[in-house]
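First the structure, in the form of structure tokens, and then the observations on it.
The values are calculated or read from the model by the stated rules, or taken from the named source; none is laboratory data. These figures come from a predicted structure and were not determined experimentally. Quick reminder, even Gly has a Cβ in these numbers, built from the backbone with ideal geometry, and neighbours come from all protein chains shown. Accessible surface areas use protein heavy atoms only, side chains included; no ligands, DNA or RNA. Shrake-Rupley method; radii C 1.70, N 1.55, O 1.52, S 1.80 Å.
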Amino acid sequence: MGTPSTHTARRRGLAILTLLAAVLSANAAEATGVGIGLPNPSDPTSVARGATLARTYCVTCHLFPEPEALDRATWFQQILPRMKYRLGFSTAELDQSANIRLLREHRRIPDQPVVTESQWLDIAAYFLAKAPEQAPPQEAPPPITVGVPGFRVVVPPMSLPQPAITAIRILPGGGALVADANARSVAVVGRDGEALQGIGVNNVVSSFRPFPQGMLTGGLGSFLPSDAPDGSVFWMDRPSAGVWRRTTNVIAQLPRTTDANAADLNGDGRTDYVVSCFGNNLGRLDWWEAGPDGALRSHELFGLPGTLRTEIADFNGDGHPDIAALVAQETEALFLFLGNGRGGFERRTVLQRPPYWGHSHFEVADFNQDGRKDFLVTNGDNGEFSSPSKRCHSVRIYLAQPDVTWKESYVFPMYGAYSTLARDFDGDGDADIAAISFFADYQKAPRASFVFLRHEGAMRFSASTFAESATGRWLAMDAGDFDGDGDEDLLLGSHIKGPTPVPDFLMETWEELRRPLLLLENTRRKP
């Protein structure tokens, strides 16, 4: 038993929790139109009932989110109001919302509540009682030195009034294609960093993939979350070494499209497409079968929103193309779709995490040189609503096992980790990692928005960054021979108007610099 002072402190703490619940309930109701009532976190019976109910109902949509993972304010200002309407609760005002009507139309939320109001208050009491007041701190990453070995910083002369770069592709022979969301265009940038050509594409480009017939390009439609069917897939090419152009429109009127990929998936000799429609409330992952007449027919692989990108390869060694897909939103999983070579696919889960995980990107590489395909995965998306950086944000390596499973084998903590590239940058025969963060801790550690992880061997990595890493908000990155000297450079693209706040001094700096690109030039082949 505790001392009298302990009991007094506990009672005060529970009273504060109850008061905070009421205040946050009012704030949440005003913000979302769905109040969370007045849960009583000081009632152990209510909390116990809520724990059982939460583990029964939360897992019907996603993995169970442990309340200790997030701070109390985030739960009650942001997450619980959303959970409540997804359990079927609503108000007259909320029923007028286009998002709610869309979710009901597509049967993504129930028409009637699946729990009673009393049960909901128990669930809310459980999360409020168990959530910490402050966000749990991240495990301290290994020391990050300033100065990236083997690279020097070059500032390309290209300038934009408000940088909004969403995709980059370094081209064979040097230079790059650079997508500008504000202009809904693609710039051709030369090896000297000057913009040589602008191509209006009337879309916010999200991905470039090179193929013999040209550059397969994905368009979001809208950079910010939207359910408008404005996504698209199209080709870009440069005929006879002339100027680049937008050519064939492959698929239009899609949900927000984050990635487009292509391969012959059914062995008929024709190019099929794999399209990642992240969407918002609605989205899907499809493969599009090319018919003899050139018409495309869609086959759904996964019917929920959140697919970020795919990689097509033979992951299980049976000689047929498979599809690896990383899915965010409520699913937060890496899936394998194992192909039979005739267009049939069987889904297998490689990994799955709770919905606050924020998966953002993945790459395929061989880190331990065993001939198997490993996964390099980032989770750090913090853009759905403003909340503190999360303890789980990181760069992770999952090593392939002989039985076609993957084991987490390396973790580098990184707030807001958003994208990575695995390449042998230093020429020593193993894969190094370049990582960017779009949701870094800009107040306390802005330089950690870029980290270079040099592979020292045996899955050990040394971390470094560069002094100028805080001069942009890095959303896009590519690796390749940008300057034409035969080694792998890194080109970073800045999108300064992100969905979460940054310190005023940084925004003022970014706006003054007008710097959309920054080049890390590999000096391995230079004196």
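About the Cα centre of the range 179-319, how large is the charge dipole given +1 on each Lys and Arg Cβ and -1 on each Asp and Glu Cβ? Please answer in debye to the nearest 20. Walk me through the numbers on the way to the answer.
Working: 11 positive and 17 negative charges, 99 e Å.
It works out to roughly 480 debye.
Once you have a ≥ b ≥ c as the square roots of the Cα gyration tensor eigenvalues for the range 328-452, tell me rounded if a/c is under 1.5, and otherwise prolate or oblate according to whether a/b is larger than b/c. Since a/c reaches 1.5 but b/c is at least a/b, the shape of the range 328-452 is classed as oblate. Oblate is the label for the range 219-278, because a/c, from the alpha-carbon gyration tensor with a ≥ b ≥ c as root eigenvalues, is 1.5 or above and a/b does not exceed b/c. Couplings 3J(HN,Hα) of the range 231-242, computed from phi: x, 7, 10, 8, 9, 10, 8, 10, x, 6, 6, x Hz, in residue order, whole Hz [Karplus 6.51 cos²θ - 1.76 cosθ + 1.60, θ = phi - 60°; x for Gly and Pro].
Here the alpha carbons of the range 420-466 define both size measures, Rg and Dmax, at 11.8, 37 Å. Relative to the Cα centre, the charge distribution of the chain, modelled as +1 at Lys and Arg Cβ and -1 at Asp and Glu Cβ, gives a dipole magnitude of about 1200 debye. Annotation: peptides 184-192, 397-405, ranked by per-residue average of other Cβ atoms within 10 Å with the highest first, follow the order 184-192, 397-405. Counting only DSSP beta bridges whose two residues both lie in the chain, roughly 95 percent are antiparallel.
Between rounded, prolate and oblate, where does the chain land on the alpha carbon gyration tensor, with a ≥ b ≥ c its root eigenvalues, rounded for a/c under 1.5, else prolate if a/b exceeds b/c? All intermediate terms of the calculation are to be shown ahead of the outcome.
Details: a/c = 1.72, a/b = 1.43, b/c = 1.21.
Here the chain falls in the prolate category.
Positive end of the dipole of the chain (Cβ unit charges, origin at the Cα centre): among Phe452, Val377, Leu128, the Cα lying farthest that way belongs to Leu128.
Relative protection proxy for 348-354, 163-169, from highest mean packing down: 163-169, 348-354 (other beta-carbon atoms within 10 angstrom). Summary of packing: across the peptides 117-124, 494-501, the per-residue average of other C-beta atoms within 10 Å ranks them, highest first, as 117-124, 494-501.
Taking the Cα centre as origin and putting +1 on Lys and Arg beta-carbons and -1 on Asp and Glu beta-carbons, what dipole magnitude results for the range 45-121, to the nearest 20 debye? Mind showing how you got there, number by number?
Working: 10 positive and 8 negative charges, 33 e Å.
That gives the range 45-121 a dipole magnitude of about 160 debye.
The portion of the accessible surface of the range 190-293 made up by carbon and sulfur, rounded to a whole percent, is 49 (1.4 Å probe; DNA, RNA and ligands excluded).
3J(HN,Hα) along the range 294-306, derived from phi through the Karplus expression 6.51 cos²θ - 1.76 cosθ + 1.60 where θ = phi - 60°, amounts to x, 5, 10, 10, 8, 10, 6, 9, 8, x, 10, x, x Hz, with x in place of Gly and Pro. Taking other residues whose beta carbon is less than 12 angstrom from the beta carbon of Glu346, and scoring Lys, Arg as +1 and Asp, Glu as -1, yields 0. Ranking Leu265, Trp244, Gly231 by Cα position along the charge dipole of the range 228-279, where only Lys, Arg, Asp and Glu carry charges on their C-beta atoms, puts Trp244 farthest toward the positive end.
Give me the Å³ per residue figure for the convex hull around the C-alpha atoms of the range 133-177. Kindly include the intermediate steps, with their values, before the conclusion.
Working: hull volume 9.9 nm³, N = 45.
Once divided by residue count, the hull of the range 133-177 is 220 Å³.
Our summary gives the chain a relative contact order of 12 percent, counting only alpha carbon pairs under 8 angstrom and 6 or more residues apart. Note that the range 289-363 presents 38 Å² accessible area per residue, ligands and nucleic acids not counted, probe 1.4 Å.
Where only protein heavy atoms count, and the probe is 1.4 Å, what is the accessible area per residue for the range 140-198 in Å²? Walk me through the numbers on the way to the answer.
Details: 2630 Å² over 59 residues.
With the other protein chains kept in place, the range 140-198 gives 45 Å² per residue.
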